[in-house]
Amino acid sequence: MFDNLTERFSSVIKTLRGEARLTESNIKDALREVRMALIEADVALPAIKTFIERVKERAVGHEVMDKLSPGQALVGVVHEELVAIMGGDKAEINLNVTPPAVILMAGLQGAGKTTSSGKLAKWLMEQKKKKVLLVSCDVYRPAAIEQLALLAEQTGADFFSAKTGQKPAEISTAALDFARKHHHDVIIVDTAGRLGIDEAMMQEISQLEQLLKPAETFFVVDAMQGQDAVNTAKAFSEALPLTGVILTKLDGDARGGAALSVRHVTGKPIKFAGVAEKLTGLEPFHPDRMASRILG
Ligand code: GDP
């Protein structure tokens with residue numbers, strides 16, 4: 001990452017040569033480069049503004065150590081701040097409750113909720129040795145329920161079948177009872193998504209959240225959405241006490257700017273990244289790797 005960034009900054013960095021300390025005026029051009037890189041990575045403007053301010057605050061007055069060139073010092077600050085703004089160390093999933101721990105999946109249709117529910121079940125079974133129950137509350141799309149049932153079959157997770165005509169609240173409380181009786185450690189609740197933000201959908205999921213008191217309420221968002229992810233993230237974080245984000249489709253050609261924007265808007269850590277369509281394509285999110293991708 002330092003090589004990539006150094007390449008990008010090479011001409012600007014030369015102008016910093018010989019400076020003993022970083023000042024507002026001598027880092028101006030370099031910061032313009034950072035800003036351009038973030039715009040190209042599709043980061044939302046308010047997030048860029050906050051970020052540049054933070055870098056400026058830390059960099060100005062920064063004494064340049066013997067071993068580093070002033071340019072390298074600035075690159076270091078940019079990288080560190082990028083990692084910090086995305087949450088610093090990787091954020092662990094919270095299952096620290098009396099079982100079953102409920103994980104509620106929220107997001108727009110097509111974001112990757114159902115697929116991520118299946119992937120997460122697999123990850124929890126394999127990496128954390130948990131007994132997982134999958135339940136679908138997407139009563140409007142029978143295909144989505146079938147998709148989740150199939151994912152349960154493929155991963156070996158249990159699947160809770162709702163009765164026809166049951167409402168999401170009824171399904172999830174019945175599933176919770178079932179999970180208690182059968183000693184499941186985790187219950188993953190997939191919810192209905194719409195193509196756009198919609199009052200009825202927000203009310204429904206907010207009611208589910210109050211009923212289930214999830215250990216994790218994940219906002220699932222497609223990295224390819226770029227700046228559009230901002231409005232969706234805002235609406236969901238206002239309607240729900242989110243605890244984390246799952247950023248999907250990072251295997252596509254998205255530059256990853258959504259990571260920064262979504263973090264900025266929700267203030268919540270990105271806990272997982274979707275990196276392939278297949279069931280093994282979910283990984284804990286690493287802010288440092290994403291920093292390299294954004295600035296690369
Ligand atoms: P939902 O409507 O939010 O439940 O979305 P789905 O889980 O049905 O996902 C929508 C589409 O995105 C499906 O074709 C998934 O295979 C695909 N998808 C989800 N996550 C990823 C990912 O991380 N990478 C790739 N390449 N495709 C994904």
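Nothing in this text is a laboratory measurement; each read-out follows from the coordinates by a stated rule. Here the structure is a predicted model, which is why all the values come from computation and not from measurement. Cβ coordinates were reconstructed from backbone atoms using ideal geometry, including for glycine residues, and neighbour counts include every protein chain displayed.
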(request) Please order H79, H184 by the number of other Cβ within 10 Å, starting at the fewest. (result) H79, H184
(request) Could you tell me, in Å, what Rg and Dmax come out for the Cα atoms of the chain? (result) 21.6, 74
(request) Give the order of T114, T173, T280, T243 when sorted by the count of other beta carbons within 10 angstrom, beginning with the fewest. (result) T280, T173, T243, T114
(request) Tell me what the chain gives for mean residue ellipticity at 222 nm when only DSSP H runs of n ≥ 4 count, each as -39,500 (n - 2.57), the sum divided by the residue total, rounded to 500 deg cm²/dmol. (result) -16000 deg cm²/dmol
(request) Would you pull out the residues with amide H under 5 Å of V245's amide H, same chain only if 5 or more places away, H placed 1.01 Å from N? (result) F219, I270, K271, F272
(request) Find how much the distance from R58 to T164 grows on full extension, using 0.36 nm per residue of separation minus their present alpha carbon separation; answer in nm with one decimal. (result) 32.3 nm
(request) Starting at the first residue of the range 172-177, write each ³J(HN,Hα) from the Karplus equation 6.51 cos²θ - 1.76 cosθ + 1.60 with θ = phi - 60°, in whole Hz, x for Gly and Pro. (result) 6, 5, 5, 5, 5, 4
(message) If I fit a long axis through the Cα atoms of helix 199-212 and take the longest principal axis of the Cα atoms of the chain, what angle between them do I get, 0 to 90°, rounded to 10?
(response) 80
(request) Would you tally the net charge around T266, using a Cβ to Cβ cut-off of less than 13 Å, leaving T266 out, and scoring K and R as +1, D and E as -1? (result) +3
(message) Can you give me the C-alpha center-to-center distance between the range 120-176 and the range 25-99, rounded to a whole angstrom?
(response) 39
(message) Tell me the angle of helix 28-40 to the major Cα principal axis of the chain, expressed in degrees between 0 and 90 and rounded to the nearest ten.
(response) 30
(message) With a 10 Å cut-off between alpha carbons and a GNM built on the chain, which of A91, A273, A200 moves the most?
(response) A200
(request) Would you grab the residues whose amide H sits under 5 Å from the one on A101? Only those 5+ places off in sequence or on another chain, please, with H modelled 1.01 Å from N. (result) V186, I187
